[in-house]
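Here's the structure we're looking at; comments come further down.
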Amino acid sequence: MKSKAEAMDADDSPLLYPSLYEDCARNHFNAADARSRRPFHIEPSYITSVNQDPPRVTMQASAMNKRIHYYSKLSNPSERSLVAPDHVIPPPEEIYVYSPLGTALKIDGTEGSEKNSSIVTIFMIWNTMMGTSILSIPWGIKQAGFTTGVCLLFLMGLLTLYCCYRVVKSRGAIPLTDTSNWEFPDVCQYYFGSFGQWSSLLFSLVSLVGAMIVYWVLMSNFLFNTGKFIYNYVNDVNVTEAVLSTNGSEKVICPDPGDTRPSNESVEIFLANGTGFEQFQTWWNKTDTVPFYLIVILLPLLNFRSPSFFAKFNVLGTVSVLYLISLVTLKAARLGFHLQFQWTGIQDFFVPEFRTSFPQLTGILTLAFFIHNCVITLLKNNRNPDNNVRDLSIAYLLVGFTYIYVGIMVFASFPSPPLTKECIQQNFLDNFPSSDILAFIARIFLLFQMMTVYPLLGYLVRVQFLGHVFGKTYPSIVHVLALNITVVGAGVVMARFYPNIGGIIRFSGAACGLAFVFVYPSLIHMIALYRSQELKWPSAVFHICVIVLGVGNLVSQFFM
């Protein structure tokens, strides 16, 4: 017979025994909302093991489940009059759920669970924003002129930061509605109805598919140069440059002088066995064959139901960016700076400080600073929400500094003379020959990183498109395969006929930025101020100018 003290201790014992899956479950439930604590799967009795292991769920937990199960049987499931009241739901410290596999998961309802510090939040935003645009920043500076390009980097960073701030604050202006779980497309739907919902979906898909196309072009480029480096090394092929290039140990090449379109032909002469090398060139071509080889690798990966395995490699993005920064620093130290400032005159080796083609850089920067469609999600887990604006500003400062540093170092160190600044490529790694060991390592890093990120982007496209159209993210293998073939086909076609990442980035950036960066945040802010009778004409004029800039940014891309 138990004593009274032992009985009281038993009553205070937790309903669940410790589980190894606590961290997984925290992501799905909000302890502050009683409704979210209702288990998504009701087990008829407490779970016991077929072996002699202790039960994973206590008798008390099983009894509470049965009580909730009883409430659900009192009326038709479609009626909400007899749902389990909140006092029946376990308190935060005793929340538990069941997975479909029967494993009991304990939820820690304490304050601060699964929350990130400001440092983690800042670098998470930095890592999310740093993408393929960094490879085109030096080319964009060349298109705008050095001084104009650096000023545009600074100004576009400030403008996109302000618009991102308006996105973060957009939910707080909605009265009498719980918007804690809303994303920015939900806010667009609230203000603009179904048009806001579907247009935000469209522009979000434009940014995702545009990124996947850029990835396919770059992966084809990196795979081609990697394969060529390995072939030359294994077969001891002697490479002699047939294009404009520098002399010395730090070789820099100009694949297509005087032409903005990248050359599809080899830029090198090889002294090797003729028959074997000719076959290699036939079957290993940057635009004719390599983009098709990637289909065999990546198309099956896109059909996975969950991309969780590839999400584990996100750290490679940080490693790749850090390596690129180290690479350009080392190259700049060895090459030195080559700058000459002149605003209007035409020069043989340098470009003017201002060029009318500067909108090409603004299009690239719109995508380079684009995080507006997911910034609310990234800031939700900040341990101190009062620091959201500060942390977002610091993250933008770090991103802007990274872009400015890489852009200045590559542009300034490009050896002019003997080469002209016009030779800077849309992917600045193309200015290094395939035999460059440091560039080879960079291409390996970026190739592997992009091959792991590409399925994640495909998963987001599938979730957004199929989820909105069919109500399911995986309606059938036929639907998923058709969508993936369409997206992959777009990447192959662009890699084959238009392998210009700068052009693709600036068009997709200007298109998705028109909605998420310039138009919707400004319109929503003005509507909210108007409804609260706080809209003043200086604010209206400023935000209308922001919208006009967004429209002009997109239109100008078609004339550059």
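The values are calculated or read from the model by the stated rules, or taken from the named source; none is laboratory data. Because the structure is a prediction, the values reported are computed rather than measured. Positions of Cβ are backbone-derived with ideal geometry, glycine not excepted, and every protein chain shown enters the neighbour counts. For accessibility, only protein heavy atoms count, side chains too; no ligands or nucleic acids. Shrake-Rupley method; radii C 1.70, N 1.55, O 1.52, S 1.80 Å.
Full extension of the chain between residue 315 and residue 441 yields a length gain of 43.7 nm, computed as 0.36 nm times the residue separation minus the alpha carbon distance. Cα centroid separation, region 421-435 to region 125-149: 15 Å. Structure note, pairs 142/169; 115/331; 142/286: Cα-Cα distances above 30 angstrom occur for 142/169; 115/331.
Let me know the shape class of region 135-221, please: from the alpha-carbon gyration tensor, a ≥ b ≥ c as square roots of the eigenvalues, rounded when a/c is under 1.5, otherwise prolate if a/b is greater than b/c, or oblate.
It comes out oblate by the Cα gyration axes.
Between residue 304 and residue 117, the modelled label-to-label distance comes to 3.1 nm, taking each label 7 Å out from Cα in the direction of the beta carbon.
Per residue, region 341-403 exposes 46 Å² of accessible surface when a 1.4 Å probe is rolled over the protein heavy atoms with every protein chain present.
Rounded, prolate or oblate: pick one for region 416-560, where a ≥ b ≥ c are the square roots of the eigenvalues of its C-alpha gyration tensor, a/c under 1.5 means rounded, and failing that, prolate if a/b is larger than b/c, else oblate. Oblate is the answer for region 416-560, as a/c is 1.5 or above yet b/c matches or exceeds a/b. What whole-number value in Å² describes the accessible area per residue of region 132-176 for a 1.4 Å probe? Per-residue accessible area for region 132-176 comes out at 33 Å².
Probe radius 1.4 Å, ligands and nucleic acids ignored: give me the carbon and sulfur share of the accessible area of region 372-485 as a rounded percent. Whole-percent figure for carbon plus sulfur exposure: 70.
Heavy-atom accessible area for residue 543, with the other protein chains in place and a 1.4 Å probe, reaches approximately 10 Å².
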